[in-house]
Structure formats: structure tokens, C-alpha cells
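Visitor: Sharing a structure, written as C-alpha cells. Questions coming.
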Amino acid sequence: MGKPINLFSLKSDIIEKFKEKLVINKKIRDKLYSKNLEEVSRCPICEGSQFNPVLSLDITEYIQCKECTHVFVNKRPTLKVFKEFYSTNETYQKTYTDKKNAMLRVEQVAMPKLKWAIREFQREYERQPNSILDVGAGSGHFIHACRKMGYRANGIEISKTGCQFAKDIFDVELINQDILQCLEFQEKYDLITFWGVIEHYNYPIMLLRRATSLLNKKGMIIVEVPRWNCLSTAVQQLFSDSIIRHLDPLGHLHVFTDSSLATAFEKCNLNIVGAWYFGMDCYELILQLSNFFNAKELLKQDITREKLVPYLQEKADMVKFSDEIVLSGKLSR
Ligand SMILES: [Zn+2]
């Protein structure tokens, strides 16, 4: 449980530009959701057909499967629309492509994830992974971290902007393709990672199945997703007009529960071997409060940044009330 991180060092611009970002995100979201929405009649994880509404937003809603408890967007743009969006949109990638923050992001975000992944792998197999594939590699931060630590690693990413950034900043050549269509793989991998990827995709099970087909028998898949049962969810249910992350249907078509993610693993013949809980819940709480009361000062105080947020987050993580989960899994025999 838990991941020490100075969120404010990474997100300093977001605090200043929160209101601006609200407007930008709304514009992109409204456009994406303006036409040809598909209604989801079966749970994308367990194929159940009974749901409860859990969060109503201006353009769509999140519903929850009564069977596996998975939460997902009910009326959503089609896969074709999202693929076009992710491969060409530049604004959306911007959070991750800020040159100034790139190295900080490698140290604070990518490295701890890599170290966790390696520990998981070593515990299960008593050796180092020989090859790593990062799916939805974004701007290459994780691949850069892998190579810096001496691992052989490839990344695949559909965003052209992301691939360009990876090349410019890290001199990392990502495969600019869709993993479901890419036939270039020459080998199978020891470790395949999805850091905040499958929740963006209309059919998450398809992505995981594809990954298992590229995995060595003695390999490991690691998946990070947003979690439903957490403080961020509770906060955003109160402030649903000012959402730019977590329960944002622009990016997150799916919000998993531990049970729905476990169901997804099981359907893909993956045995769960490890779990990691952490989040940005208290950051979210402070951000929403300061936005609502127009109290930017709250975010600038050292006591907020260095004491309040990390301390409360640690408490939330300890009782699994945090907004992210990472699971590691091995192929079942
Ligand atoms: Zn379900």
C-alpha cells in the first residue's frame, strides 16, 4: 500500500490552470460525445446484463454491473472514434509531454512502478525479466526508465505525438501501432505492462487477451487501473461539474472494482499474484475544495503540500480507499 510522491511538484501547472483545463476538457469531451454513441448492453468484463446507475453526468453516465461490480460508461463513442482521437489528438497528450517535467516524471512515476514490477517478477521467478513490453507507452517515460536500469524493453503506442516526444526527449523509438493489429512482434515477452491503459479502451478484455498471447509461459502481466471504491469517487460525486481526471468519461470508459479487475484476470487465464494500492485522492479533495471556494492559497501552503495531502493519502491507501490499483498476474497452467 502507498506510494510516496510529491504530486505538487509534478502538477504545479494544473493547480494554476485548473479552471482553464476544465474548459478545455469539456470542449474535447463534448465533441467526442456529440454523435454516434454506442449503448453498452453487456458488461464489458463479465457480460452480465443487469446494471445500476452510479453517476450521472451532463453528456453520459456511469453504470455498475450487478454481477461483477464493474463500473463503465453506458453511452460511449465507438472504438473507431477513440482510435482516431488517441492517435491524432495533441491536447490530450499534453499533460504527459511537458518537456520540463519529463525527467521528474521518470523519477517519481516511472521508476517506482518499474521497481515494483521487478520485485514482483523476481519474487515469482527468482530471476530478472529478459524482456519487457509496455503497452500504451505514452511518451516513453517507462521505457526510458527500463533502459536506464539496463532492461531490454519495447513500447507500443498509437499516439503520434507520444511517439515523437519519446524520440525527441528520450531517444526512444516506440512502435506507433495498435497492439491488436500489430504483427511485428518477433518474440514473446517476460513482462508486459499496462500503466493506465485498458480503462481507455472500449474492449479491455481484448487487450489483455492479446497480451497473454505475447507472453512467455513463465511471464507476468501487470495492469494499473482506476478504482471505483475510493475517496476520489466520493469527492467527485459531490463535485461532478468539475472533473478532469478519475471519473472523466473523456479518458476513463471503465473504473474497476477489485472484483471486476480480478474477473478480467480470471477470464484471461491470469492468476493474481500481487496487488498495489495508491492514489491521488487527497490531492483531488484539496483541488476540488480550493476550486469550489476559490481558495488557491490552500494549495500553496507547505502544510497542505508536504503534510496534509501525503499524510491523509497514506491513511486512505492503508484501508484501500485509494483511486488506483495495480495487479500482477501469471498465466495459469
Ligand atoms: Zn460485470
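Visitor: How would Lys320, Lys19 line up from fewest to most surrounding beta-carbon atoms within 10 angstrom?
Guide: Ranked by crowding around the Cβ, least crowded first: Lys19, Lys320.
Visitor: What ranking of Val106, Val273 emerges when the number of other C-beta atoms within 10 Å of each C-beta is taken as an exposure proxy, fewest first?
Guide: Val273, Val106
Visitor: Rounded if a/c is under 1.5, else prolate if a/b is larger than b/c, else oblate: which is the range 130-169, with a ≥ b ≥ c the root eigenvalues of its Cα gyration tensor?
Guide: Judged from the Cα gyration tensor, the range 130-169 comes out oblate (a/c at least 1.5, b/c at or above a/b).
Visitor: A further question on this structure: Mind listing the phi-derived Karplus ³J(HN,Hα) values for the range 233-245, rounded to whole Hz, using 6.51, -1.76 and 1.60 with θ = phi - 60°, and x for any glycine or proline?
Guide: 3J(HN,Hα) across the range 233-245, in whole Hz: 4, 4, 5, 6, 5, 7, 10, 6, 8, 10, 9, 10, 8.
Visitor: Can you give me the orientation-averaged projected area of the convex hull built on the Cα atoms of the chain, in nm²?
Guide: The number I arrive at for the chain is 15.8 nm².
Visitor: What is the set of long-range amide H partners of Gly48 at a cut-off below 5 Å, with H atoms built 1.01 Å from backbone N?
Guide: Amide H neighbours of Gly48: Cys43.
Visitor: Using the charge dipole of the chain (Lys, Arg: +1 at Cβ; Asp, Glu: -1 at Cβ; taken about the Cα centre), state which of Ile221, Ile132, Ile243 has its Cα farthest towards the positive end.
Guide: Ile132
Visitor: Follow-up question, since we're still on this one. List, in the order given, every pair from Lys160/Lys296; Lys80/Lys100; Lys21/Lys83; Lys167/Lys218; Lys27/Lys83; Lys35/Lys330 whose Cα-Cα distance in the structure shown is over 29 Å.
Guide: Lys160/Lys296; Lys80/Lys100; Lys167/Lys218; Lys35/Lys330
Visitor: Return the calculated 222 nm mean residue ellipticity for the chain, to the nearest 500 deg cm²/dmol, obtained by summing -39500 (n - 2.57) across DSSP H runs with n ≥ 4 and dividing by the residue count.
Guide: The helix contribution divided over the chain gives -10500 deg cm²/dmol.
Visitor: For the chain, give me every cysteine whose Cβ has no other Cys Cβ within less than 4.7 Å, ordered by residue number.
Guide: Those would be Cys146, Cys163, Cys182, Cys230, Cys268, Cys282, since no other cysteine Cβ in the chain comes under 4.7 Å of theirs.
Visitor: Now for a different question. Placing +1 at every Lys and Arg Cβ and -1 at every Asp and Glu Cβ, with all other atoms neutral, what dipole size does the chain have around its Cα centre, in debye to the nearest 20?
Guide: It works out to roughly 380 debye.
Visitor: Using 7 Å Cα-to-Cβ label points, what is the Asp302/Glu61 separation (nm, one decimal)?
Guide: 4.9 nm
Visitor: In addition: If you plug each phi of the range 284-299 into the Karplus form 6.51 cos²θ - 1.76 cosθ + 1.60 with θ = phi - 60°, what whole-Hz ³J(HN,Hα) values come out, in order, with x for Gly and Pro?
Guide: So the Karplus estimates, Gly and Pro as x, are 4, 4, 5, 4, 5, 5, 5, 5, 4, 8, 6, 10, 4, 4, 3, 7 Hz.
Laboratory data are not the source of any read-out in this text; all were calculated from the coordinates shown. Quick caveat: nothing in here was measured; it's all calculated off a predicted structure. For neighbour counting, all protein chains shown are included, and Cβ atoms are generated from backbone atoms with ideal geometry for every residue, glycine included.
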